[in-house]
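Structure first, then comments.
The values are calculated or read from the model by the stated rules, or taken from the named source; none is laboratory data. In this text, all values refer to a predicted model and were calculated from it rather than measured experimentally. All Cβ positions, even for glycine, are placed from backbone atoms using ideal geometry, and neighbour counts span all protein chains on display. We work out accessible area using only protein heavy atoms, side chains counted, and drop any ligands, DNA or RNA first. Shrake-Rupley method; radii C 1.70, N 1.55, O 1.52, S 1.80 Å.
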Amino acid sequence: MIGALVVVLIAGVWVWRSQVGTTDAMPKKKDKVVHVVTAVVKQSNVSVMLTANGKVSPQQTVAVRPQLSAVIRSVHIQEGQFVRQGERLFTLDARTEDANLSRTEGQLAKSRADLRNAERNLKRQRELFQQQFISEAALEVAQNQVDSLRGQFAVDEATVRATRVARGFSEILAPISGRTGAISVYQGSLVQPDEALVNITQIDPINVSFNLPEREFVPVQEALAKGEVAVNVELDGTGGSIRKGRLIFIDNAVDTASGTIALKAEFPNTDSHLWPGMFVKVTLAPRTLNGAFTVPVQAVQNGPERKFLYVIDNDNKASSRPVEVRLIQNEYAVIEGKSIVPGMRVVVEGAQNVRPGSAVTEATDGSGDAGEG
């Protein structure tokens, strides 16, 4: 009995040692390979695109007012009509002005006749004075009469001109080209000089006003000093309808409440698709980053202290490289880093499973360039 027990123990020890020896002889399990999607660090010239919300505003709006009290005889326009500068808008009853003009013209004719008669009399008086038939005092009386009538003639002539100007106010013409608004008077209405008859708004060209952060003031100002700065607007906010214009105005002060500066751009508007009061999306690119390094924005990882990239070497091993992000635009990041060079392969997708030294197998991200060459 005791001998049988000893034999069983010896057999168990032998089996255990055999299993241990077999385990030690087995090869170690290979490290796990991480599947990732990669992209290449590219170098290009990147236009810095600024975006803002803008509001369409007319270059000028004029309230048309009469310059005399009168009754409207004719209305020559309709509401919402396009009018050209100098086009007739309203005609006022000018019978009073016509009568005043006739009176002043009659007075001017009388003054002209009196002056001519006095000048002829002065000529005769001079001849008589030379023949010593009259005294010098009599000659001076004739000269004074001519001078007085010349002054009166000048006054009457100015009165006629002023009356003609007043008569001209009975024809109200368009001061600018543009679109008319609502007309508040009709034929037969009595109007006063302080009453607005219609507003005319200039539609073409038209302005778009917008604001940018004050940090963009210097780049925009420098770009404008070098030449024309192009500005684009989207009418519907989806990029479907783009209008191209130019920057024409930078405000002379920063708004301290918002930390922004007001700008204004001018756009051709022959088809009247831009309308005063409309809100649009404004984009402009006042500066360019030359030779910038770009990667897809997903490639930039957030570390505990700074941002970094996972770079894949020739042995398909991952390592981290610290970077600084200068700009994020159009799903691309413009980066800077001492160890970053064009052509590097960086992890775009799957970085959550990567650690420094991880072995990876990669697929290439097929996205295009970020910059403007």
Return the long-range amide H neighbours of M344 (sequence gap of 5 or more, or a different chain), with a cut-off of under 5 Å between placed amide H atoms.
V41
Net charge (Lys, Arg +1; Asp, Glu -1) of residues whose beta-carbon lies under 13 Å from that of Q130, Q130 excluded, is +1
Give me the net charge for the shell around F153: Cβ to Cβ below 14 angstrom, other residues only, Lys and Arg +1, Asp and Glu -1.
-1
Please list, by residue number, every one of the GluC sites (Glu not before Pro) in segment 272-373 that is coil in DSSP and has at most 15 other beta-carbon atoms within 10 Å.
E305, E331, E372
Roughly how tilted is helix 136-168, in degrees to the nearest 10 and between 0 and 90, from the longest Cα axis of the chain?
40 degrees
Chymotrypsin sites (Phe, Trp or Tyr not before Pro) restricted to DSSP loop in segment 155-211 with at most 14 other C-beta within 10 Å
Y186
Relative to the longest principal Cα axis of the chain, at what angle does helix 95-130 sit, 0 to 90 degrees, rounded to 10?
50 degrees
Where trypsin sites (Lys or Arg not before Pro) fall in DSSP loop in segment 68-137, at most 11 other Cβ within 10 Å
R84
Counting alpha carbon pairs within less than 8 Å and at least 6 residues apart, what relative contact order, in whole percent, applies to the chain?
28 percent
Roll a 1.4 angstrom probe over the protein heavy atoms and tell me the percent of accessible area of the chain that is carbon or sulfur.
51 percent
Of (i) 1.28; (ii) 1.49; (iii) 1.16, which is the value of Rg/Rh (Cα atoms, Kirkwood Rh) derived from the coordinates here?
(ii)
Pairs over 24 Å Cα to Cα, from K226/K264; K42/K281; K317/K338; K244/K281; K32/K307; K42/K338, come to K42/K281; K32/K307
In Å², rounded to a whole number, the accessible area per residue of segment 44-167 with probe 1.4 Å is 62 Å²
Can you tell me the orientation of helix 217-226 relative to the chain, as the angle in degrees between its alpha-carbon axis and the longest Cα principal axis, to the nearest 10?
60 degrees
Report the calculated FRET efficiency for L173 and S69 (r = Cβ-Cβ distance, R0 = 22 Å), to the nearest 0.05.
0.70
